[in-house]
Amino acid sequence: KLTPGQAMYHFISGYTAKVAGTERGITEPVPNFSACFGAAFLPLHPTRYAELLQEKMETHGSNAWLVNTGWAGGMYGVGERMSIKTTRSCINGILDGSAAEADYVQDSAFGFDIPVSLSGVDPDLLNPRNAWMDKDEYDSTAKKLSGMFVKNFEKYDSPISQFGPKV
């Protein structure tokens with residue numbers, strides 16, 4: 001679950017990964033940042049769209065969530081893609097309100113809240129660190145990824161950076 005500030009940060013970051021099967025020439029996941037998930041099509045500065053997102057969230061009392069539809073359980077070649085069934089269960093929990101009512105733990109790398117349990121979801125998949133057998137490898141990978149977020153966000157020179165990971 002994201003705070004409005006975190007939602008702005010992650011929306012501006014526009015993080016995804018290019019993966020084999022969806023991108024020509026890709027054999028393993030490659031991190032990719034595209035402001036607001038569509039940088040090439042933005043006539044205004046990305047922070048303006050983030051401000052609009054925050055305004056809409058406040059006006060309508062909306063929550064924002066990050067749902068891992070990508071990799072879990074280890075690095076590429078060790079872990080596996082999140083199943084459609086697990087993804088649907090996460091989305092169902094968001095839509096029926098049970099995710100908002102859940103107990104949370106805070107992600108140590110990014111600072112957002114992670115539900116401890118959701119119906120139909122293995123609790124270890126909710127917190128990515130729990131799904132990795134090698135916790136040191138997870139910590140190293142999370143630190144590397146959070147550093148990539150911070151580096152990517154430097155170009156915006158915005159106070160919204162305070163809602164990103166602390167490296």
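Worth pointing out:
- Residues of region 117-133 satisfying the condition of being aliphatic (A, V, I, L, M), part of a helix (DSSP H, G or I) and within 14 Å of GLY79 (Cα to Cα): LEU125, ALA131
- Any hit, region 40-59, residues being at pLDDT 95 or above, among the aliphatic types (A, V, I, L, M) and in contact with a Ser or Thr (Cβ under 8 Å, 6 or more places away or on another chain): no
- Taken over region 100-150, the criterion of being open to solvent by 50 Å² or more (accessible area, probe 1.4 Å), in contact with a strand residue (DSSP E or B) (Cβ under 8 Å, 6 or more places away or on another chain), of a type outside the set (A, V, I, L, M, F, W, C) and in contact (Cβ under 8 Å) with a residue 12 or more places away in the chain is satisfied by ASP103, TYR104, ASP113.
- From the options PHE37, PHE11, residue that is hydrophobic (A, V, I, L, M, F, W, C) and either more than 29 Å from LEU118 (Cα to Cα) or at pLDDT 95 or above (or both): PHE11
- Filter pass, GLU28 being open to solvent by 80 Å² or more (accessible area, probe 1.4 Å) and assigned to a helix (DSSP H, G or I): no
- The one condition in (1) more than 29 Å from HIS45 (Cα to Cα); (2) of a type in the set (A, V, I, L, M, F, W, C); (3) part of a loop (DSSP other than H, G, I, E, B) that ALA99 fails to fulfil: (3)
- Filtered residue count, region 63-81, keeping only those that are under 24 Å from THR3 (Cα atoms) and open to solvent by less than 50 Å² (accessible area, probe 1.4 Å): 4
- With respect to (1) assigned to a loop (DSSP other than H, G, I, E, B); (2) out of contact with any Cys (no Cβ under 6 Å at 6 or more places or on another chain); (3) among the β-branched types (Val, Ile, Thr), the lone exception for VAL67 is condition (2).
- Selection count where residues are of a type outside the set (Gly, Ala, Ser), open to solvent by less than 60 Å² (accessible area, probe 1.4 Å) and outside any helix (DSSP H, G or I), scope region 32-62: 3
- For region 135-158, the set of residues classified as touching a helix residue (DSSP H, G or I) at 6+ places or on another chain (Cβ under 9 Å) and in a loop (DSSP other than H, G, I, E, B) consists of SER158 only.
The values are calculated or read from the model by the stated rules, or taken from the named source; none is laboratory data. Everything quoted here is computed from the prediction, not taken from an experiment. Note that we place each Cβ from the backbone using ideal geometry, even for glycine, and neighbour counts take in every protein chain shown. Keep in mind that these areas ignore ligands, DNA and RNA; they rest on the heavy atoms of the full protein, side chains included. Shrake-Rupley method; radii C 1.70, N 1.55, O 1.52, S 1.80 Å.
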